[in-house]
Amino acid sequence: MIGIADLVVSYAQARRNAVDGVSFTVPRGQLTALAGPNGSGKSSIVRALLRRADIVRGGVTLDDRDVRTFSYGELAKLVAVVPQREEAAFPTRVHEYVALGRYPHLGLWRAPAEDDARAVDEALGQAGVNDLASRNTDELSGGEWQRVRIARALAQKTPALVLDEPTTFLDVAHEMAIFELLSSLARSGLAVLLVSHQLNLVARFADTIVLLDEGKVASSGSPAEVMKAERLEAIYRWPVVVTRDPAIGAPALVPLRRPRNLLDHSIPTPSTRDKP
Amino acid sequence: MSVPLIGVIDALRGRGDPTFIAIVRDLRLPRVILGALVGAGLGASGAALQGSLRNPLAEPYLLGVSGGAAVGAVVAYAFGATGEAVVTLAAFAGGISAVFVALAVSRVGGRGARGDMRTLLIAGVIVGAFANAAIMVALARAEPNTLRGALWWMMGSAADATWERVGWLAGSIMLAGGALVYWAREIDVLSLGEDAAASLGVDAERSGRRVFLLAALLAAATVSAAGLIGFIGLVVPHIARRLGLRAHRPLIVAAALVGAILVVGADLAARTVAPPTELPLGAITALLGVPFFLVQLRRTA
């Protein structure tokens, strides 16, 4: 279980804290989604978990132990992270790439043993990329590449999994496939934390949504509790309507076009809050 | 002077014409070994850097090492140093200092204390450019002897090989190259990017700096032993990768071997293409390296 407790993360020369007193938990067996506008602190929380951000106050815990008391190596055996962007500079075979997920267990010199090979095979299977194992990473489509990256994280065999925007650039089918995969991984007992912009998909798949705004938790709870039109309008500074997904009745967000009959100065504009 | 093959074999075993023995044992053999070591060092250094920086265009001389080493050597020449140990040491010190300056610059330029590898690379280029400017200034008012020595050195040559120099270079390469091979799996992980590396349990920053320093150490040792020999560090890792190697442990070893072969071959060409003139070794490697690189570029484009 991942615990975020009163977390404050700050970058030098930033006018406000990137993360400002955020608390929530990511229990096992559930898909927890972290959503919010650009610059609301989502990625900073992931970086704090990886010990790559300066934690000013509070902290991140894994099974109630502060991540800062773990070594990088110990941490990598407990939580696997699929970072936002990643380009392989030198193409390599998918199987070898996924096998790098065993590094936390192998270290610098231990040769891969039977259970390492099994972990890699299982990861390839879970992510549905068995067929790609002998392909090169530069021959993959965007959707395949994302699944291969998830396979690498799964090969770590950690009880917790964190993904930062895994469906950016993907078309509808590939996006759905990734969400289905994450949902089934959560059902299988992993604690899954998903950082995503896709509120509508998140609303259909996540058990809990944590909605961030300007480094603070604006709302958290079930999708039905979080997806309220007034709240989303206030956070995204854009007029929206929340309806129901016709298939399963999950709340669905519909951002509205700019009202044409209004004068320019009254047109809502998205805030320009960039990442620090 | 040419020595027949049978003469070479006899000489290596200490038999036959004493002149041949002297030529083979004290001139040619150390020269071949020095060339091999220089190629090995540059190849290994380039392979490690390209992997950890995730940049197929990274090469050891981009770290500011070459510029710094050249400054060291030129300063030594300018102060009238003739002893080769002094020039070698000055070049080595210059190269290493340049790397530390680059590290310092990257800390200033980077976000807070967390300057990333890219900033480091840019810092190296900047320091190198500054060093080159400093050399131009120093050479503008240098005496002809200093000028010739400095130029010869900047063009790169294995001609001044001595057993002493070979020993010192071999030691440096065993040490720094061995360390790179020891930490090679970290380079595999680093090549995924800093966040991914962190998620796999590697302190990307510390590990990246370590690779940077070791690669710089290799480059500085080769530069101080044989001057600037371009394109080896850039091209050789690509050849090694073309052999199908991806994991950095075999890749670094292969790059060292390929580099050794290439430099020994290039030195042979430098010595024999236009006798009695010896062509500068650094120019030969560049002449071979540039076309290779263009072909490489076409294939990847």
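The values are calculated or read from the model by the stated rules, or taken from the named source; none is laboratory data. The structure presented is a predicted model; accordingly, all values stated were derived computationally and were not measured. All Cβ positions, even for glycine, are placed from backbone atoms using ideal geometry, and neighbour counts span all protein chains on display.
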Exercise. From A:52, A:102, A:28, which residue is at pLDDT below 90 and either surrounded by fewer than 17 Cβ atoms within 10 Å (Cβ to Cβ) or not in a strand (DSSP E or B) (or both)?
Worked result: A:52
Exercise. How many of the residues in segment B:227-278 are part of a loop (DSSP other than H, G, I, E, B) and in contact with a Lys or Arg (Cβ under 8 Å, 6 or more places away or on another chain)?
Worked result: 3
Exercise. Is there a residue being within 13 Å of chain B (Cβ to nearest Cβ), in a loop (DSSP other than H, G, I, E, B), more than 21 Å from the chain's Cα centre (by Cα) and among the β-branched types (Val, Ile, Thr) anywhere in segment A:121-138?
Worked result: no
For this session: Within segment A:231-252, track down each residue that is assigned to a loop (DSSP other than H, G, I, E, B) and under 22 Å from residue A:217 (Cβ atoms).
Result: A:237, A:238, A:250
Problem set entry | Exclusive hit being modelled with pLDDT under 95 and in a helix (DSSP H, G or I), set A:39, A:58, A:73 | A:73
For this session: Quick one: in segment A:78-99, of everything that is aliphatic (A, V, I, L, M) and closer than 17 Å to residue B:52 by Cβ, which residue is surrounded by the fewest Cβ atoms within 10 Å (Cβ to Cβ)?
Result: A:89
Exercise. When you scan segment B:1-64 for helices (runs of 4 or more DSSP H) that lie fully inside it, which ones turn up with 1 or more residues that are surrounded by 24 or more Cβ atoms within 10 Å (Cβ to Cβ)?
Worked result: B:29-53
Seminar exercise, completed: Restricting segment A:60-72 to residues that are over 16 Å from residue A:159 (Cβ atoms) and surrounded by fewer than 18 Cβ atoms within 10 Å (Cβ to Cβ), the one farthest from the other protein chains (Cβ to nearest Cβ) turns out to be A:66
Exercise. Does residue A:11 satisfy the criteria of being out of contact with any Gly (no Cβ under 7 Å at 6 or more places or on another chain), within 12 Å of another protein chain (Cβ to nearest Cβ) and over 19 Å from residue B:202 (Cα atoms)?
Worked result: yes
Exercise. Taking the condition modelled with pLDDT of 85 or more and of a type in the set (A, V, I, L, M, F, W, C), does residue B:154 pass?
Worked result: no
For this session: Look through segment B:196-214, keep the residues that are hydrophobic (A, V, I, L, M, F, W, C) and part of a loop (DSSP other than H, G, I, E, B), and return whichever of them is nearest to residue B:96 (Cα to Cα).
Result: B:202
For this session: Select from segment A:14-36 the residues that are within 14 Å of chain B (Cβ to nearest Cβ) and of a type outside the set (Gly, Ala, Ser) and list them in ascending order.
Result: none
Problem set entry | Filtered residues of segment B:186-214 (kept if more than 7 Å from every other protein chain (Cβ to nearest Cβ), in contact (Cβ under 8 Å) with a residue 12 or more places away in the chain, buried (at least 24 other Cβ atoms within 10 Å of the Cβ) and closer than 16 Å to residue A:153 by Cα) | B:190
Exercise. Since residue B:299 meets every condition but one in (1) basic (Lys, Arg); (2) within 27 Å of residue B:97 (Cβ to Cβ); (3) modelled with pLDDT under 90, which condition does it not meet?
Worked result: (2)
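Condition check ((1) touching a Leu at 6+ places or on another chain (Cβ under 6 Å); (2) without any contact (Cβ under 8 Å) to a residue 24 or more places away in the chain) across all residues:
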site	(1), (2)
B:231	no, no
B:241	no, yes
B:247	no, no
B:255	no, no
B:259	yes, no
B:264	no, no
For this session: Could you run through segment A:11-60 and say how many residues are of a type in the set (Val, Ile, Thr) and under 15 Å from the mean Cα position of the chain (by Cα)?
Result: 5
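Yes/no per residue for (1) away from chain B (no Cβ under 13 Å); (2) in contact with a Leu (Cβ under 8 Å, 6 or more places away or on another chain):
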| residue | (1), (2) |
| --- | --- |
| A:141 | yes, no |
| A:153 | no, yes |
| A:172 | yes, no |
| A:179 | yes, yes |
| A:197 | yes, no |
| A:213 | yes, no |
| A:222 | yes, no |
| A:225 | yes, no |
For this session: Taking only segment A:76-99 into account, find how many residues are at the interface with another protein chain (Cβ under 10 Å from one of its Cβ atoms), in contact with a Lys or Arg (Cβ under 7 Å, 6 or more places away or on another chain) and in a helix (DSSP H, G or I).
Result: 2
For this session: Would you be able to say whether some residue in segment A:109-118 is within 10 Å of chain B (Cβ to nearest Cβ) and surrounded by fewer than 18 Cβ atoms within 10 Å (Cβ to Cβ)?
Result: yes
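Conditions tested, residue by residue: (1) within 26 Å of residue A:88 (Cα to Cα); (2) touching a strand residue (DSSP E or B) at 6+ places or on another chain (Cβ under 9 Å); (3) within 14 Å of chain A (Cβ to nearest Cβ); (4) modelled with pLDDT under 85.
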site	(1), (2), (3), (4)
B:49	yes, no, yes, no
B:60	yes, no, no, no
B:75	no, no, no, yes
B:79	no, no, no, yes
B:86	no, no, no, yes
B:101	no, no, no, no
B:111	yes, no, yes, yes
B:121	yes, no, yes, yes
B:128	no, no, no, no
